[in-house]
Amino acid sequence: MAATEFELGNSLAVQRWSESLAVEAEKKMYFKKFMGTSPDSMIVIKSELAKQAGDKITYALRMKLAGDGIEGDSIIEGTAAEEALVFHADSLYIDQRRKGTKSKGKMSEQRVPYNLRKEGRDALATWYAEDYDEQCMIYLAGNRGEDTGFHVPLSFTGRANNTVTAADSSHIVYGGDATGPATLESSDKMELSIIERLVAFAETSDPMIQPFRIDGELKHVLLMHTFQAYDLRNAVSSNDWVDIQKSAGDRGAKNLLYQNSLGEYAGVILHKHRNCIRFNDYGSGWSSYTSSTGTLTAARALFLGAQAGMIGWGGGSAEGRYSWNEEMDDRGNALAITAAAIYGVKRTIFNSKSFGVVAVDTYYDDPNS
């Protein structure tokens, strides 16, 4: 009697696991709550290449009109009141990134009570979620940093033709009275006054760092390293910190931007993450990120507004979709699994300046060291 069989590597099974990988990776991705197709999103999802060929998406910023106008019936033709529209362009590239896992062979699989196909799916989901988050952090910060736990090497300068571009001088601030990495001291830690400076900068910069709109209110996000958040909490009184946390408790269930936040201060939602970029060469002797002899540790927080970054997927599918390939190596003895995604990430830069992010460098020390 004939029996219906879906053998290992059947195309239907591949599709199912591909969708499942996307779901699991999305659950684990920290930056997912900041992504959206709206221009009000912190990281804007560009979908132009999801259904068509190409590897580059170009988008533009139209600057505001400036200068005086003309009164009454005065002639406007040929005067400075006739102003050309000014556009600045930026581009995002996508490329394929693959990761795989492979069993030793059927005898190794026999020794353990695991489904290596499922374990491979879960491991790849975690890897891709971390990969997206690390790249978002690197591109937004404009620096690879010194964390050796990232997937990419310390020499990483970008992928998919998207160069990691250093933060421009007009979009970086430092703790305390420091004016640069060389003048940073151990007293220049994260504190509330920095948030007040960032709010003032966001409201007066040109182009302005656009906030998010949450329940009719305008907000920004400050994403700090765990150690910076520790310094901030210890720089304020316990009662002040309770007040800061109230907004997270009241609003967290309503809006994703408040989920897992520390609270809110001066209209800025406070977040922390262990992967914020860190340095170990600040202070006296600093000369550049590649040849510094400084010895102080520093972390880079990110003050974020709308359109701070861009992310795009390709491959004829929607965001976060993966190809999934299974094959048997060693004449059918070893299961090899490979997943791939076609995507690109970058910080939004118009006219050589960051558009929606300010880097915030402060000294830190590990409270447990």
### In the range 151-163, the residues that are of a type outside the set (S, T, N, Q) and in a strand (DSSP E or B)
Gly158, Arg159
### Query
Are any residues in the range 323-369 of a type in the set (Gly, Ala, Ser), out of contact with any Lys or Arg (no Cβ under 7 Å at 6 or more places or on another chain), under 30 Å from Ala229 (Cβ atoms) and assigned to a strand (DSSP E or B), and if so, which ones?
Gly344
### Query
Got at least one residue in the range 67-87 being touching a residue at least 24 places away in the same chain (Cβ under 8 Å) and more than 20 Å from Gly314 (Cβ to Cβ)?
yes
### Task
Identify, by number, the condition in (1) assigned to a strand (DSSP E or B); (2) in the same structural domain as Arg213 (by TED's automatic domain parsing); (3) more than 30 Å from Arg213 (Cβ to Cβ); (4) of a type outside the set (Val, Ile, Thr) that Ser284 doesn't meet.
(1)
### Query
Name the residues in the range 138-163 that are on the phi > 0 side of the Ramachandran plot and not small (Gly, Ala, Ser), would you?
Asn161
#### Entry: the range 90-113, subset modelled with pLDDT under 85 and surrounded by 11 or more Cβ atoms within 10 Å (Cβ to Cβ), residue nearest to Tyr59 (Cα to Cα)
Thr101
### Task
Evaluate the range 42-65: report whether one residue or more is under 15 Å from the mean Cα position of the chain (by Cα), small (Gly, Ala, Ser) and modelled with pLDDT of 80 or more.
no
## Note on the structure
Restricting attention to the range 193-210, the residues that are aliphatic (A, V, I, L, M) and within 10 Å of Ala266 (Cβ to Cβ) number exactly 4
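The values are calculated or read from the model by the stated rules, or taken from the named source; none is laboratory data. On a predicted model such as this, the values are computed, not experimentally measured, just so you know. Reconstructed Cβ throughout: ideal geometry from the backbone, glycine too, with neighbour counts over all protein chains shown.
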